[in-house]
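A quick write-up on the structure given underneath.
The values are calculated or read from the model by the stated rules, or taken from the named source; none is laboratory data. What you see is a predicted model, and the numbers here were worked out from it, not measured in a lab. A quick note on method: Cβ atoms are made from the backbone with ideal geometry, for glycine too, and the neighbour counts reach across all protein chains shown. Please note that ligands, DNA and RNA were not included when accessible areas were found on the heavy atoms of the full protein model with its side chains. Shrake-Rupley method; radii C 1.70, N 1.55, O 1.52, S 1.80 Å.
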Amino acid sequence: MVRPYTPTGGRAVPTRRTLDVATLLIADPNKPLAGLDAHSHRLMQHCLPGVLSLAEVSADLQLPAAVTKVLVASLVDSGHLLSRSPVPAAQQTDRHLLERILDALEEL
């Protein structure tokens, strides 16, 4: 069993608060992987073929999401990864507007 602080080099908090399990990760194929620790290197190899969510990478690496967030944050800071927030939740709809639309449809 690997302790959670081992893959992160003892860091417990990611440098970015914007990371979420649904955050999309895109690897920069032009960045060299030389010099990365083993866990970061494996993470990059998972992301290189295409876009993956943080949750998918965490599951593939069999690491807790909190540990994966720390690793991802470091790779975003170094420019190895780009992170994109998932699509924001839909805004609350106006009930009055929906009722007017329903009334208009019933009149048809």
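What to note about this one:
- Summarising the label geometry, the points placed 7 Å from Cα in the beta-carbon direction at L108 and L48 lie 5.3 nm from one another.
- Note on D60/T93: beta-carbon distance plugged into 1/(1 + (r/R0)^6) with R0 of 35 Å gives a FRET efficiency of 0.40.
- For D28, solvent-accessible area (1.4 Å; no DNA, RNA or ligand), Å²: 50
- Here the spin labels are modelled as points 7 Å beyond Cα on the Cα-Cβ line, and at D20 and S85 they lie 0.8 nm apart.
- In this structure the amide hydrogen of L52, modeled in the peptide plane, comes within under 5 Å of the amide hydrogens of L25, none closer than 5 places in sequence on its chain.
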